[in-house]
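What follows is a set of notes on a single structure, which appears directly below.
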Amino acid sequence: MSTDGEIITASRSQPARFGELYDRHARTVHRYAARRAGVQVADDVMAETFLVAFEKRGAFDTDQVDARPWLLGIATTLLRKHARLEAKAWRALVAADAATILAADPMAALGDTLDAAAAVRRIAGAVRRLRDGDRDALLLYAWGDLDYEGVAGALGIPIGTVRSRLNRARTKLRAAFDAGDARHEEVDRGRVDAVAPGAR
């Protein structure tokens, strides 16, 4: 089977070969874009990603066997045009997740349900507030299924910078999650104090 680099090389003289790259990676690009900005935007971003890639295929380093970092890097750049829609998609993700949790059994383990919905809101809010570069690195790693080297290739940055961005993003997400746990523990302590002997 041809590598992505070989397909792109061949497509320079036989443009139809580029369709093989589309067949191989369109689903990945679409899934990544849909998670970030919604399905309707993902359709456009995916199509535009492959159009840009086709036009710039002459600049692709054909020693690379996997074009996913390159394609997801193009998609990430295109998604910046849709920042408002991405923020809306994050809010929808929170609402959808909460609805899924509640739909399972609205009366069973209500406390756990509310805790899970609150956790999703905290994490989604924290991701929205990340710097653009940190968020891009995190989502390429988590949703683009790229390793550090792949994220570096997608964003055109050194691996050390990827490590720094991911570390910073993880720290902020952990802090958001821990802050919610601390608030939850305070509420629980308040409930215990309210029912403890001698409580007013």
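The values are calculated or read from the model by the stated rules, or taken from the named source; none is laboratory data. In this text, all values refer to a predicted model and were calculated from it rather than measured experimentally. Glycine gets a Cβ as well: all are built from the backbone with ideal geometry, and neighbour counts include every protein chain shown. Only protein heavy atoms, including side chains, enter the accessible area calculation; ligands, DNA and RNA are left aside. Shrake-Rupley method; radii C 1.70, N 1.55, O 1.52, S 1.80 Å.
Listed here are the residues, each with its yes/no results for (1) exposed (fewer than 14 other Cβ atoms within 10 Å of the Cβ); (2) among the hydrophobic types (A, V, I, L, M, F, W, C); (3) over 21 Å from the mean Cα position of the chain (by Cα).
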{"position": "GLY5", "(1), (2), (3)": "no, no, yes"}
{"position": "ILE8", "(1), (2), (3)": "no, yes, yes"}
{"position": "SER13", "(1), (2), (3)": "yes, no, yes"}
{"position": "TYR32", "(1), (2), (3)": "no, no, no"}
{"position": "VAL39", "(1), (2), (3)": "yes, yes, no"}
{"position": "VAL45", "(1), (2), (3)": "no, yes, no"}
{"position": "LEU51", "(1), (2), (3)": "yes, yes, yes"}
> Does ARG17 count as closer than 20 Å to TYR141 by Cα and either in a helix (DSSP H, G or I) or within 25 Å of the chain's Cα centre (by Cα) (or both)?
Replying inline: no
> Restricted to the range 155-164, and to residues that are in a helix (DSSP H, G or I) and closer than 15 Å to PRO69 by Cβ, which residue is least open to solvent (accessible area, probe 1.4 Å)?
Replying inline: VAL162
>> For the condition part of a helix (DSSP H, G or I), over 22 Å from ALA169 (Cβ atoms) and at pLDDT below 65, what is the one hit in GLY111, GLY58?
In response: GLY111
> Quick one: what pairs do we get from the range 11-30, first residue within 14 Å of VAL45 (Cβ to Cβ), second open to solvent by less than 20 Å² (accessible area, probe 1.4 Å) and among the polar types (S, T, N, Q), C-beta under 7 Å, 6+ apart or different chains?
Replying inline: VAL29/THR49
>> Being over 18 Å from ALA142 (Cα atoms) and crowded, with 21+ Cβ neighbours inside 10 Å is the requirement here; does MET1 meet it?
In response: no
